[in-house]
Amino acid sequence: MADINKCEAVLGIPASEIPEEWFERLSDEEKDSEFVAMQSKTYFQDTWAQFKKNRLALASLVFLFILILAAIFVPMFSPYTYDGQDLMHRNAGSSWQHPFGTDKFGRDIFVRVMYGARISLSVGFAAALLNLIIGVVYGGVCGYIGGRTDLILMRIVDILYSVPTLLYVILIMLIFGSNIFSVLLAICVSSWVGMARQVRAQVLSLKEQEFAQAAFVLGASRTRILFKHLIINCMGPIIVNTTLMVPEAIFTEAFLAFVGIGISIPMASWGTMANDARSLLMLYPMQMVWPVMAISLTMLSLHFIGDGLSDALDPRKR
Amino acid sequence: MNGGHYVEISHLDVIYDVTKGVFSPKQLVHAVNDVSFTIEAGETFGLVGESGCGKSSLGRAIVGINKPRSGDIRINGQDVTHLHGRSLHDFRREVQMIFQDPYASLNPRMTIGEILSEPMVIHGLHRSPGAREERVTELLRTVGLKPDHVRRYPHEFSGGQRQRISIARTLAVNPRFIICDEPISALDVSIQAQIINLLKQIQKERNIAYLFIAHDIGMVKHISDRIGVMYLGHLVEVGDSSEVYFHPLHPYTKALLSAIPISDPDVGKSRKRIILEGEIPSPLNPPAGCPFSTRCPLADEACRRMPKMQQFGSHQVACHHVNQSV
Ligand SMILES: Nc1ncnc2c1ncn2[C@@H]1O[C@H](COP(=O)(O)OP(=O)(O)OP(=O)(O)O)[C@@H](O)[C@H]1O
Ligand SMILES: [Mg+2]
């Protein structure tokens, strides 16, 4: 009502009597501006929208999701188990009963690959996740605080880095016994260091940038500056490092299983299955192919996801 | 308020420790050396000096990016060098800073909307999302950008537009004092004037005080009420803008002014070109006594002592030979 009165005061005529020719059409751009404002407005919404556009990355994500579901549910509903031997059907090829065939004890390889996925994927993802959290926070804090604190914390990292992984494994096994958790712990202890170093180096240079100083002057807390301004800007290397961590952990687990540390027969991981198949490689190569294919496809899809993610996270690449 | 000045800086020292390695001898850069001056509310104080003379260090000390070694900074009667917690957080709303490099001063991974609403999030202003959105739109309009720019990212803008966004970001907290650290030196000449005009207009509307840092004294004269001239960490001359520009007293100020091309023939005639000899000394190893003595045409025995800041008419000058012509 106030507006209408104002209109009358300014123009000298009531609002309802404004002649039609006084109105102007909105340009398309002006019309759009209302509409555009409804769409995603934050960096993370944009990142997700961008990620979805990358078909390969999205397909990889779906594949991994299905693999995880299969690893959980297939062993529950399958008539076979990872250690159920059927000596009548040893080294069988693919069939309806055994899609991936059977191994030298007549165990169903498909079910064993699914059991193996439980171990391998858990180890891989857990290692990558711990590596991500510990490495990023440690490196970020070192780089951000700097000075003497950084010096001391990074010397600790150097010392940890100089100890061979196998030594950690032995020490940790002595304390926690030979199980999958010792293996996970050993992998993490020796691997987060690389991530920490990388993140520290990036944060060290980013914190001198003016946008970080502007955030400081605006009164942003240290945590806010570290995560929302510094670490977000080194997501590229962090993602690459994390996706590489998964296969690395899978292989380390396989290697440790091979030397008798970690899971023990008849339990299966992809690594131990590949190892078991070695002796019969000339006769039954397919027994090797299935677990190796599982590892490769996982690696490949992680690689695509990582690629898509680091592209989607960088607005300049959109 | 003591003295009644809005900003009062006294005997400020900023020292960087640039010692390399743990066992080498200490190396200190005395970037700001015993600097004192005042700024009134709503006033523009221009700070000029060659690259490396400590202008940014001074500005950064005022907003607390680096801690001064000694000295006092009082803003609105409050000693801001010893603020903590709540009062420090509130002080952040009083004083803001605009940076030199428009390409580095905006986080590349935030939308303009996020950049402009962050100050409000930090200080709990305009709490509802709708109110924030409205405020962001208003800020964009103030600095001459379109509201639908909120969804874009910094890399989609030109240098001048980014500097406008930086200005809008500082305005989000309604500061009364903005430090402009060479806000235009990275921009095209044609854009420079636009940004200067925007800053002036904002100042007129909101009565904001500026500390305007630049190395071009001509530009500084144009927008400042008063000018301070820095050399090697020292403030060597302070005075009203046109006084300093047309009647410089310190030999360094005279040299600076003689170096710029003059379009005004009256001024040009009265001004002799002074060519400074030698390099600017390293701040790691400054000369004893007057900092300018190694290059000053008037330097003599007296200049072995550090000159005090003294009042000459409306100027304050730190020189033993103020009344001699160069
Ligand atoms: N973080 C730092 N660590 C060590 N020395 C520094 C640091 N920042 C600046 N300096 C030194 O302090 C002195 C003053 O630098 P400052 O950046 O304040 O100069 P400036 O007048 O702003 O120069 P410019 O016009 O180039 O911006 C220089 O000698 C510089 O090398
Ligand atoms: Mg500077």
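The values are calculated or read from the model by the stated rules, or taken from the named source; none is laboratory data. Remember, predicted model here, so these are calculated numbers, not experimental data. Cβ coordinates were reconstructed from backbone atoms using ideal geometry, including for glycine residues, and neighbour counts include every protein chain displayed.
Report, ordered by the first and then the second residue, all pairs with beta carbons closer than 7 Å, sequence separation of six or more or different chains, a first member in segment B:58-69 that is within 8 Å of another protein chain (Cβ to nearest Cβ), and a second member that is aliphatic (A, V, I, L, M).
B:V63/A:V217; B:V63/B:V95; B:V63/B:M97; B:V63/B:I179; B:I65/A:V217
Conditions (1) at pLDDT 85 or above; (2) surrounded by fewer than 16 Cβ atoms within 10 Å (Cβ to Cβ); (3) in a helix (DSSP H, G or I), marked per residue:
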{"position": "A:C234", "(1), (2), (3)": "yes, no, yes"}
{"position": "A:I238", "(1), (2), (3)": "yes, no, yes"}
{"position": "A:M245", "(1), (2), (3)": "yes, no, yes"}
{"position": "A:A257", "(1), (2), (3)": "no, no, yes"}
{"position": "A:I261", "(1), (2), (3)": "no, no, no"}
{"position": "A:L297", "(1), (2), (3)": "yes, yes, yes"}
{"position": "A:I305", "(1), (2), (3)": "yes, no, yes"}
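Being within 11 Å of another protein chain (Cβ to nearest Cβ) and at negative phi is true for just one of A:A215, A:A196, A:A186. Which residue is that? Explain how you work it out, then say what you get.
Values: A:A196 fails: within 11 Å of another protein chain (Cβ to nearest Cβ); A:A186 fails: within 11 Å of another protein chain (Cβ to nearest Cβ).
Only one candidate qualifies: A:A215.
Please find, among A:F216, A:F227, A:F251, the residue that is closer than 30 Å to A:D108 by Cα, aromatic (F, W, Y), part of a helix (DSSP H, G or I) and out of contact with any Pro (no Cβ under 8 Å at 6 or more places or on another chain).
Being closer than 30 Å to A:D108 by Cα, aromatic (F, W, Y), part of a helix (DSSP H, G or I) and out of contact with any Pro (no Cβ under 8 Å at 6 or more places or on another chain) holds for just one of A:F216, A:F227, A:F251, which is A:F251.
Filter segment B:47-58 down to the residues that are under 17 Å from B:M219 (Cβ atoms) and either crowded, with 24+ Cβ neighbours inside 10 Å or within 8 Å of ligand 2 (Cβ to nearest atom) (or both) and list them by number.
B:L47, B:V48, B:G49, B:S51, B:C53, B:K55, B:S56, listed by residue number.
Of all residues in segment B:92-133, which are of a type in the set (S, T, N, Q) and more than 7 Å from every other protein chain (Cβ to nearest Cβ)? Give the steps one after another, and end with the answer.
To start, the set of residues in segment B:92-133 that are of a type in the set (S, T, N, Q) comprises B:96, B:100, B:105, B:107, B:111, B:117, B:128.
Result: B:Q100, B:S117, B:S128.
Can you confirm whether A:I134 is without any contact (Cβ under 8 Å) to a residue 12 or more places away in the chain and either at negative phi or of a type in the set (G, A, S) (or both)? So that I can check it myself, show each step before the final result.
Details: without any contact (Cβ under 8 Å) to a residue 12 or more places away in the chain: no; either at negative phi or of a type in the set (G, A, S) (or both): yes.
Here the answer is no, as A:I134 does not meet what is asked.
Does B:V22 satisfy the condition of being within 27 Å of B:L256 (Cβ to Cβ), within 14 Å of another protein chain (Cβ to nearest Cβ), at pLDDT below 95 and more than 10 Å from ligand 1 (Cβ to nearest atom)? Before you say what the answer is, go through the steps one by one.
Working: within 27 Å of B:L256 (Cβ to Cβ): no; within 14 Å of another protein chain (Cβ to nearest Cβ): yes; at pLDDT below 95: yes; more than 10 Å from ligand 1 (Cβ to nearest atom): yes.
Taking the combined requirement at face value, the residue does not satisfy it.
Which condition from (1) away from ligand 2 (no atom under 16 Å from the Cβ); (2) of a type outside the set (F, W, Y); (3) crowded, with 20+ Cβ neighbours inside 10 Å is the one that B:V32 breaks?
With respect to (1) away from ligand 2 (no atom under 16 Å from the Cβ); (2) of a type outside the set (F, W, Y); (3) crowded, with 20+ Cβ neighbours inside 10 Å, B:V32 is out only on (1).
Residues that are within 16 Å of ligand 1 (Cβ to nearest atom) and within 14 Å of chain A (Cβ to nearest Cβ): does segment B:28-47 have at least one?
no
Within segment B:18-29, which residues are under 18 Å from B:K67 (Cα atoms) and away from ligand 2 (no atom under 16 Å from the Cβ)?
Passing the criteria: B:V18, B:T19, B:Q27, B:L28.
Only residues that are out of contact with any Lys or Arg (no Cβ under 8 Å at 6 or more places or on another chain) and among the aliphatic types (A, V, I, L, M): list them for segment B:292-322, please.
Answer for segment B:292-322, where residues must be out of contact with any Lys or Arg (no Cβ under 8 Å at 6 or more places or on another chain) and among the aliphatic types (A, V, I, L, M): B:L298, B:A299, B:A302, B:M306, B:M309, B:V317, B:V322.
Six or more apart or on different chains, Cβ under 7 Å: which pairs go from a residue in segment B:73-96 that's closer than 24 Å to B:V35 by Cα to one that's outside any strand (DSSP E or B) and small (G, A, S)? Could you list them?
Listed pairs, sorted by first residue: B:R92/A:G219.
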